[in-house]
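Note sheet for the following structure.
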Amino acid sequence: MDTELIKLKTKQETSSRANSQFIKETFLKACRTLDASLFEPLIDEEQYFQDLDKYRFLHSMKKQFDYLRGRGVKKVELVMGTCKMCFKGDTVHEFYVVPNEGKPAFAYNIQELQMEIKDIFRCNYSDGYERDIKKNRDPNLTWIDYD
């Protein structure tokens with residue numbers, strides 16, 4: 001009997017991980033295509049991302065996407081980066097109009113624990129932002145690198 005329970009639990013965890021991977025892939029597709037509606041049906045009503053409930057989080061995505069579309073952008077390209085501030089070293093998904101040119105249009109940190117999504121939030125200081133700041137910095141200011 002105990003063996004059956006263990007098998008069921010393992011199967012459920014695998015299913016949850018597969019679902020989490022599907023949610024992540026769909027989120028990234030929604031970002032690349034600037035279409036928050038792709039991600040909306042996958043978020044539970046009680047799910048919070050970026051300390052925002054489902055509808056506020058989706059609204060923040062849609063607002064960003066609408067801004068870009070208003071500038072004629074139809075899709076963005078994904079480039080992997082790392083966080084340089086809050087969660088230093090964490091993987092960040094940077095989205096560019098033209099890959100690695102200028103700063104990212106937006107970037108997200110997808111926090112995962114044991115292959116399950118725990119949080120998704122905007123990252124405002126990853127590789128692309130740092131590169132853009134260093135490239136366009138005021139020459140009269142001294143850049144201090146804390147690494």
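As a fraction of the 1.4 Å probe accessible area of the range 15-67, surface on carbon and sulfur atoms comes out at 50 percent. Its Cα centre serving as origin, the range 48-147 has a Cβ charge dipole (Lys and Arg +1, Asp and Glu -1) of approximately 520 debye. Along the range 106-116 the Karplus relation, 6.51 cos²θ - 1.76 cosθ + 1.60 evaluated at θ = phi - 60°, assigns HN-Hα couplings of 6, 8, 10, 9, 9, 7, 10, 10, 6, 6, 10 Hz to successive residues, with x for each Gly and Pro. The peptide list 24-32, 42-50, put in order of mean Cβ contacts within 10 Å with the highest first, becomes 24-32, 42-50. Oblate is the label for the range 20-69. Its Cα gyration tensor axes, ordered a ≥ b ≥ c, give a/c of at least 1.5 and b/c at or above a/b. Taking the square roots of five times each eigenvalue of the Cα gyration tensor of the range 39-147, the equivalent ellipsoid has semi-axes of 27, 19, 12 Å, listed largest first. Centroid-to-centroid, using Cα positions, the range 106-134 and the range 20-34 are 14 Å apart.
Residue ranges 71-82, 119-130 sort as 119-130, 71-82 when ordered by packing (mean number of other C-beta atoms within 10 Å per residue, highest first).
Other residues whose C-beta falls under 9 angstrom from the C-beta of residue 129 contribute a net charge of -1, scoring Lys and Arg +1 and Asp and Glu -1.
The values are calculated or read from the model by the stated rules, or taken from the named source; none is laboratory data. All of these numbers come straight from a predicted model, not from anything done at the bench. Methodologically, a virtual Cβ is constructed for each residue, glycine included, from the backbone with ideal geometry; neighbour enumeration extends over all protein chains shown. For accessibility, only protein heavy atoms count, side chains too; no ligands or nucleic acids. Shrake-Rupley method; radii C 1.70, N 1.55, O 1.52, S 1.80 Å.
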